[in-house]
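Comments concern the structure below.
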Amino acid sequence: QVQLVESGGGLVQPGGSLRLSCVASRNIVSLDNMAWFRQAPEKLRERIAGFTDLGRTYYADSVKGRFTISKDTGKNTVYLQMNSLKPEDTAIYFCYASVYDLNYWGQGTQVTVSS
């Protein structure tokens, strides 16, 4: 069993920045496919950033160049630095991990970009 707890969401003006955190209940080195997803109202959940099994990062086109995923294995934490935020980034952001084909999700953190 793995618990993932996100934090760092909130209300920010367009052009602003936020950093989301996802703390895992176990060593993240043992977790696979760690990623950030988001779900906007009436839209499907989409994967926006993550790590490959080789430790490389990937990003959805919609966030490439603005968002950065990183991790601190000593803190069992994955981060999502979000810069140049746009109103269309408004969504609930979820942390995801898999272990032996079992999928784990955090509870989500709301990000609202509005003036």
Would you list, by chain and number, the aspartates and glutamates whose Cα falls below 20 Å from the Cα of LYS43, excluding same-chain residues fewer than 8 positions away?
-> ASP61, GLU88, ASP89
Counting Lys and Arg as +1 and Asp and Glu as -1, what is the net charge of the other residues whose Cβ lies under 15 Å from the Cβ of TYR93?
-> +3
Note, ³J(HN,Hα) from phi for the range 21-34, Karplus 6.51, -1.76, 1.60, rounded to Hz, x at Gly and Pro = 10, 10, 9, 9, 7, 9, 4, 5, 5, 8, 9, 9, 6, 4
Rounded to the nearest 0.05, what FRET efficiency do GLU42 and LYS64 give with R0 = 25 Å and r taken as the Cβ-Cβ distance? Could you check?
-> 0.55
Under 17 Å from the Cα of LYS71 - aspartates and glutamates, other chains or at least 8 residues apart = GLU6, ASP32, ASP53
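For LYS75 and VAL29, compute 0.36 nm times the residue count separating them, minus their Cα-Cα distance, and round to one decimal in nm. Provide the component values of the computation, followed by the final result.
Values: separation 46, 0.36 × 46 = 16.56 nm, distance 1.10 nm.
The LYS75-VAL29 span can extend by a further 15.5 nm.
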Distance (nanometres) between label positions extended 7 Å along Cα→Cβ at GLU88 and GLN110 | 2.3 nm
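Give me the percent of the accessible area of the chain that comes from carbon and sulfur atoms, probe 1.4 Å, all protein chains in place. Walk me through the numbers on the way to the answer.
Values: 3030 of 6430 Å².
Answer for the chain: carbon and sulfur cover 47 percent of the accessible area.
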For the chain, dividing by residue count, accessible area per residue (probe 1.4 Å) in Å² works out to 56 Å²
Which of these, ARG19, ARG45, ARG56, has the largest mean-square fluctuation under a Gaussian network model of the chain (Cα springs below 10 Å)?
-> ARG56
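The values are calculated or read from the model by the stated rules, or taken from the named source; none is laboratory data. Just so it is clear, the structure is predicted and the values come from calculations on it, not from any experiment. Glycine gets a Cβ as well: all are built from the backbone with ideal geometry, and neighbour counts include every protein chain shown. Remember, those area values only see protein heavy atoms, side chains included, never the ligands or the DNA or RNA. Shrake-Rupley method; radii C 1.70, N 1.55, O 1.52, S 1.80 Å.
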